[in-house]
1. Can you tell me which residues in region 20-79 are charged (D, E, K, R) and within 23 Å of Tyr158 (Cα to Cα)?
2. Looking only at region 263-282, count how many residues are touching a residue at least 12 places away in the same chain (Cβ under 8 Å) and of a type in the set (D, E, K, R).
3. Give me the pairs: first residue in region 41-53 and among the β-branched types (Val, Ile, Thr), second residue part of a helix (DSSP H, G or I), beta-carbon distance under 8 Å, and six or more apart or on different chains, which are they?
4. Anything in region 192-202 that is closer than 24 Å to Ile63 by Cα, surrounded by 12 or more Cβ atoms within 10 Å (Cβ to Cβ) and in contact (Cβ under 8 Å) with a residue 12 or more places away in the chain? List them, or say none.
5. Within region 55-85, which residues are of a type in the set (A, V, I, L, M), over 18 Å from Ile231 (Cβ atoms), part of a helix (DSSP H, G or I) and modelled with pLDDT under 85?
6. Looking only at residues that are under 19 Å from Ser200 (Cβ atoms) and not in a helix (DSSP H, G or I) in region 22-54, which one is modelled with the lowest pLDDT?
7. Right, Ala99: surrounded by 14 or more Cβ atoms within 10 Å (Cβ to Cβ) and either among the hydroxyl-bearing types (Ser, Thr, Tyr) or in a helix (DSSP H, G or I) (or both) or not?
8. Restricting region 190-207 to residues that are among the charged types (D, E, K, R) and not in a helix (DSSP H, G or I), which is farthest from the chain's Cα centre (by Cα)?
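The values are calculated or read from the model by the stated rules, or taken from the named source; none is laboratory data. If you're wondering where the values come from, they're calculated on a predicted model, not measured in any experiment. Here the Cβ is made from the backbone with ideal geometry for all residues, glycine too, and neighbour counts use every protein chain on show.
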Amino acid sequence: MIWAIYGILHSLLRAALTETNRVYQFDSIKLSFGQALFGVLLLLPFFPMMVWPSDPHFYRCAIGVSTIFSIGLLVNLTLAANRAGRVSSIYMPLEAIGATLIWLAVMPQMQEAYKADMLTTYSVVIAYVIATGALIMVRRNDVNLRTLLLVAPVGISYAVAGTVTKAVMPFNPVFPAAISFALIGFLVMAVIMGVTAFISGRFDRELFSARGFGASLATGLVSACSYVAFITSVTLAPNPGYTSLIAFLLPVWLWAWHLIIGVEDRANPMAAIFIVIGVAMLITAAW
C-alpha cells in the first residue's frame, strides 16, 4: 500500500504549493517559470542516484507529459485571470475517472480482476461517486457549459498523462527512475514557461528580486517533491486513477490548515469529511 502513502503525500504537497502561492501573491506566469527552474536546480544534486532506462518511450513520454501539464497550467492561469472561478473541482474528477477508464481499456487483465471481485469493484465505484460529489460541493465553483468545455480537455489530458506515466515507468527501481522522469519534466516546463514569460513581457527584474527568489525556491521545492511523489504513486498503484482520486484531499488539507492558522476558508466541512470517507473507502477496497 505504499502507493497510497505516496498519493497522500502528493495531495498534501499540492495543497502546500497552493498555500505557498497564496502567501507570496506573486505573478503567476513568473512564478511558474521560477518554480520550474528551481525544480530543476533542486533535483540536479540527486543525479548520481537517478536511473536512466534504455527504453526511448520513457524520454518521449516524460517530455510529452510535462508539455501536457504545462499547457494545462497555462489554461488554468488564463481562467483564473478571467475570473472563471475555481476549476479544480471540475477537472480533477475528469482526471481521476478518465485515468481509471483509460487504464482499464489498455489493460484487459484489470477488467478481469474487477469482474472476479465484484465487492471490490462496487466499493471503488461508490468511493468515486462519494468523493466526486463531495469535491464539487466542498467549495463554490463556476460549473457552467463554457467553463466545462474549456476545462474538460485539461482533465482528460491529465488522465492520459497519468496513464502514460504508469505505462513507461519501470517498476523496479521506481524511486530513482521517478526522479529522472521528474527532472526531464521540469526541464521541459522551464523552457515552456520561460518562453511564455518572455513573450508576455513578464521576464523582468522582479523575477530575480529577493521576493521572486523566495517564492520560486519555495514553490520549486514543494512542486518537485509533489511530482516525484505523484510519479511514484501512479507507478505502484493498481490503477493511475486511484492516485488522482486521492488528490481530492487537496481542499481538505487547505481547509484544515486555514482552520489552524485562523484564515477564512469557505469550504463546506461536511463535504470535506465525505471526501475523506471516499478516499478511505478507495484505499481500503484496493488493500
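1. Selection gives Lys30, Asp55, Arg60.
2. Count: 1.
3. Filtered contacts from region 41-53: Val51/Pro176; Val51/Ala177; Val51/Ser180.
4. Ile192, Met193, Gly194, Thr196, Ala197
5. Matches in region 55-85: Leu74, Val75, Leu77, Leu79, Ala80, Ala81.
6. The qualifying residue modelled with the lowest pLDDT is Gln25.
7. It is true that Ala99 is surrounded by 14 or more Cβ atoms within 10 Å (Cβ to Cβ) and either among the hydroxyl-bearing types (Ser, Thr, Tyr) or in a helix (DSSP H, G or I) (or both).
8. Per the stated criteria, the residue is Asp204.
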